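One structure is given below, encoded as structure tokens.
The values are calculated or read from the model by the stated rules, or taken from the named source; none is laboratory data. All values reported here derive from a predicted model rather than from experimental measurement. Note that each Cβ is placed from the backbone with ideal geometry, even for glycine, and that neighbours are counted across all protein chains shown.
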Amino acid sequence: MTETPLLELRGIDKRFGPVQVLHDVALTARAGEVTALVGDNGAGKSTLVKCIGGIHPVDAGEYLFEGRPVQVHSPRDAAALGVEIVYQDLALCDNLDIVQNMFLGREKRRGLVLDDATMEEMAAATLKSLSVRTVKSLRQKVSSLSGGQRQTVAIAKAVLWNSKLVVLDEPTAALGVAQTAQVLELVRRLADNGLAVVLISHNMNDVFAVADRIAALHLGRTAAQVRASDVTHAQVVELITAGRSGDLGLQDTSKGAAA
Amino acid sequence: MTALASEQPEQPGKTEQPGKNGTSERTGEPEKTARPTGPGLAELGRGYLDRIRAGELGSLPAVAGLVVLCVFFSLLRPVFLSNLNFANLLTQSAGSIAIAMGLVFVLLLGEIDLSAGYASGVCAAVLAILLTNHGWPWYGAVAAALLTGAVIGLLLGTLVAKVGIPSFVVTLAAFLGFQGVVLMLLKEGTNVSIKDPTVLAIANNNLSPVLGWLLLAGCAVGYAALQVRRSRDRSRRGLAGTPPVLLAVRIGAVVVLGAVAVDLLNQERSRNVLVSSLKGVPLVVPVIGALLLLGTFTLQRTNFGLHVYAVGGSPEAARRAGINVAFIRIAAFVICSCLAAVGGVIAASRGNSVDPNTGGSNVLLLAVGSAVIGGTSLFGGRGRVVDAVLGGLVVAVIQNGMGLMGYSSGVKYAVTGSVLLVAAGVDAMSRRRTAQR
């Protein structure tokens, strides 16, 4: 792997008042790959995602995008780079239809008037590029969609803007078996289309189903970032719970905590 | 107006039953999204029925109520159907419809403006004082009244959006405050009469019969052209559009209903033609019509309107999408108070004067009732400007019909209150139904 990763974080520190949430965290995400970000509750996954998305500025560390160091201070900066984050609560308007939700805040206009036809075409093209077949009409309201379909709309919204990195925060947490499979298929397709995908998940089955690499956080530190094919299910669970697994992970956690 | 109401079946969305998602999603036919073809009439009808079953009633209860009430009253009191009464109905309801149109914007955000009635009173008082006491020309006075409305809206909106006081409390305080302002402006309750012929014309004059027909023809042609152009554009791009049959029915309905109304209004309705002739479309009808078009355009076709719906549906989602939520809130209050000012001008014109009761007593509740009865949700995110017109007509028919039947004001208020309660109940239940999925 000699090519530069799309996103590379090095030595990220983040503290909220007296609480240091992230210590010296590193994470890389490559185009065309799904990088799973795993860790127990409170390991710092959400904070790290918010740092990537520009919601929380980092206290220290390097944020490299396409090999160049960049400053991300706001969600707008992140969006300008091509970073889109799909949060767990999706943030869709139930009373609007699929097209309106996908373009919300960035509507296409012809003069004063909304250009509905163009937006519908673009939305249809995006969904088609993701091979989404589950949505019958683009003009149906989001309130009439199932959980999996909503997730699909939220992901399609993130992809619509020629984004390069899509971060998904537990996209399958609230879904049934069939819908989970569908969303995972969609996640895989995003990577196959050449995007870098960071997938946060608690579910090892999901992680091994789609991820190329796995980054494990343990108490705010990077335990390990490994290829999914190089580790077993049990090793990843150990990395999550203990921060180490044999040769992998934080070798001396007591020394690490003191440092 | 009724044609705008029938925009409902336009979106050919077939609501999916949640239960069968698991299977249908896996085996979904790829053709559906890949090449959207125009849905058949049957499919459109089924989609509409599905939406109604899902609790999205839209304007259906208001239209049905209007038809039932009209049949009921005309059977019991044939005079209800007379030309004179029809024209009266329209002029009676105009002021409260204008206020209700403004309230739709605020209700869409899930907020309320309890002070809209007295805000219209303040604006009417400003109008009357400038016209009568200071001798301003009508355009200056009307502009000042509208400006007063805008300032009131800016104040209320800022208190709600920036300071963060619940709109219920802000406007309840303003309700009392504006009542006081009206009293102060009118020097403790004197009655200021209005003599300016232009202002009086708004609610009291009629278009000449020829002008009425011309106006209808213009509206019909414009409406048809817009609908056909939009449908052509969509089908050229291969997007699912409205089938031509439905389009023709919709345009036909506008023309027929409009023609019947204009014909009725153009007939002589003076009791004694020798004393004075009274015929033609009341001037308030095109005034309300223009406001309806402007409001509908703003809400349905501009991104401002879309953002109003978005903030009403989910303020958090709107904020994350980069929408300036505070600006949308303030703007909605400004629009509401400006339309209240229009309502005040119409009320002043109709009453030939302004007194401390202008915009008081039941004006606000009838206006809120109009919007809700028309199908605008009190929970925000759902509603259209045409709801205010339909609901306003329902309220006016109840008031007018019961008056003709000789019921006292007490009974009329009680019945109107019950109808509002029923409408709010329907709103709450349909919301529960949509939330259940």
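Looking at B:Leu306, B:Leu257, B:Leu291, which one is part of a helix (DSSP H, G or I), in contact with an Asp or Glu (Cβ under 8 Å, 6 or more places away or on another chain) and either within 14 Å of chain A (Cβ to nearest Cβ) or of a type outside the set (Asp, Glu) (or both)?
B:Leu306
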Note on B:Thr302: of the conditions (1) hydroxyl-bearing (Ser, Thr, Tyr); (2) surrounded by fewer than 24 Cβ atoms within 10 Å (Cβ to Cβ); (3) touching a residue at least 12 places away in the same chain (Cβ under 8 Å), unmet is (3)
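Out of region B:186-199, which residues are in a helix (DSSP H, G or I) and buried (at least 18 other Cβ atoms within 10 Å of the Cβ)? Even if it seems obvious, please write down each step before you answer.
Of all residues in region B:186-199, those in a helix (DSSP H, G or I) come to B:197-199.
Once the filter is applied, which keeps residues that are in a helix (DSSP H, G or I) and buried (at least 18 other Cβ atoms within 10 Å of the Cβ), region B:186-199 yields only B:Val199.
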Residue that is farthest from the chain's Cα centre (by Cα) [pool: residues in region A:145-170 that are within 11 Å of chain B (Cβ to nearest Cβ) and among the polar types (S, T, N, Q)]: A:Ser146
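Condition check ((1) modelled with pLDDT of 85 or more; (2) assigned by TED's automatic domain parsing to the domain that holds B:Thr91) across all residues:
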| residue | (1), (2) |
| --- | --- |
| B:Gly241 | no, no |
| B:Val262 | yes, no |
| B:Ala290 | yes, no |
| B:Ala318 | yes, yes |
| B:Ala326 | yes, yes |
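Would you check if A:Leu81 is surrounded by 18 or more Cβ atoms within 10 Å (Cβ to Cβ) and modelled with pLDDT under 85?
No; evaluated as a whole, the condition is false for this residue.
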So, first residue more than 8 Å from chain B (Cβ to nearest Cβ) in region A:119-144, second residue of a type in the set (D, E, K, R) and in a loop (DSSP other than H, G, I, E, B), Cβ within less than 7 Å, six or more apart or across chains; the pairs are A:Met119/A:Glu107; A:Met119/A:Lys108; A:Val142/A:Asp94
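Among the residues of region A:176-188, what is the count of those that are crowded, with 20+ Cβ neighbours inside 10 Å and within 12 Å of chain B (Cβ to nearest Cβ)?
Of all residues in region A:176-188, those crowded, with 20+ Cβ neighbours inside 10 Å come to A:179-180, A:182-184, A:186-187.
Now restrict to residues that are within 12 Å of chain B (Cβ to nearest Cβ): A:179-180, A:182-183, A:186.
Count: 5.
So which helices (runs of 4 or more DSSP H) stay within region B:11-128 end to end and still have 1 or more residues that are within 14 Å of chain A (Cβ to nearest Cβ), over 30 Å from A:Thr134 (Cα atoms) and modelled with pLDDT of 90 or more? Quick ask: steps written out before the conclusion?
On the way: elements: B:21-27, B:31-34, B:41-53, B:60-76, B:83-108, B:116-128.
In region B:11-128, B:83-108 are the helices (runs of 4 or more DSSP H) which contain 1 or more residues that are within 14 Å of chain A (Cβ to nearest Cβ), over 30 Å from A:Thr134 (Cα atoms) and modelled with pLDDT of 90 or more.
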Residue by residue through region B:212-238, note down the ones that are at pLDDT 90 or above and surrounded by fewer than 17 Cβ atoms within 10 Å (Cβ to Cβ). B:Leu214, B:Ala217, B:Gly218, B:Val221, B:Gly222, B:Ala225
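Can you find a residue in region A:100-108 that is among the acidic types (Asp, Glu) and facing chain B (nearest Cβ under 7 Å)? Show your work before the answer.
We begin by selecting, within region A:100-108, every residue among the acidic types (Asp, Glu); these are A:107.
Checking which are facing chain B (nearest Cβ under 7 Å) leaves us with A:107.
So far as region A:100-108 goes, yes, one or more of its residues are among the acidic types (Asp, Glu) and facing chain B (nearest Cβ under 7 Å).
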Which of the residues that make up region A:151-172 are at negative phi, among the polar types (S, T, N, Q) and surrounded by fewer than 22 Cβ atoms within 10 Å (Cβ to Cβ)? A:Ser163
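Just give me the residues in region B:250-285 being closer than 16 Å to B:Phe86 by Cβ and under 22 Å from the mean Cα position of the chain (by Cα), in sequence order.
B:Leu257, B:Gly258, B:Ala259, B:Val260, B:Ala261, B:Val262, B:Leu265, B:Val281, B:Pro282, B:Leu283, B:Val284, B:Val285
I'm trying to understand the selection: among the residues of region A:13-32, which are crowded, with 23+ Cβ neighbours inside 10 Å and under 15 Å from the mean Cα position of the chain (by Cα)?
Just the residues of region A:13-32 that are crowded, with 23+ Cβ neighbours inside 10 Å, to begin with: A:22, A:25, A:29.
Scanning region A:13-32 gives a single hit, A:Ala29.
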Breaking point among (1) touching an Asp or Glu at 6+ places or on another chain (Cβ under 8 Å); (2) over 19 Å from A:Ala223 (Cα atoms); (3) not in a strand (DSSP E or B), for A:Leu64: (3)
Is it true that some residue in region A:83-96 is under 15 Å from A:Asp169 (Cβ atoms), hydroxyl-bearing (Ser, Thr, Tyr) and not in a loop (DSSP other than H, G, I, E, B)? no
Kindly indicate which of A:Ala191, A:Ala173 is closer than 22 Å to A:Ile52 by Cα, away from chain B (no Cβ under 12 Å), part of a helix (DSSP H, G or I) and in contact (Cβ under 8 Å) with a residue 40 or more places away in the chain. A:Ala191
For B:Asn206, indicate whether it is buried (at least 17 other Cβ atoms within 10 Å of the Cβ) and at pLDDT below 95. yes
Filtering helices (runs of 4 or more DSSP H) wholly in region B:314-394 for at least 3 residues that are surrounded by 22 or more Cβ atoms within 10 Å (Cβ to Cβ) gives B:325-351, B:363-374
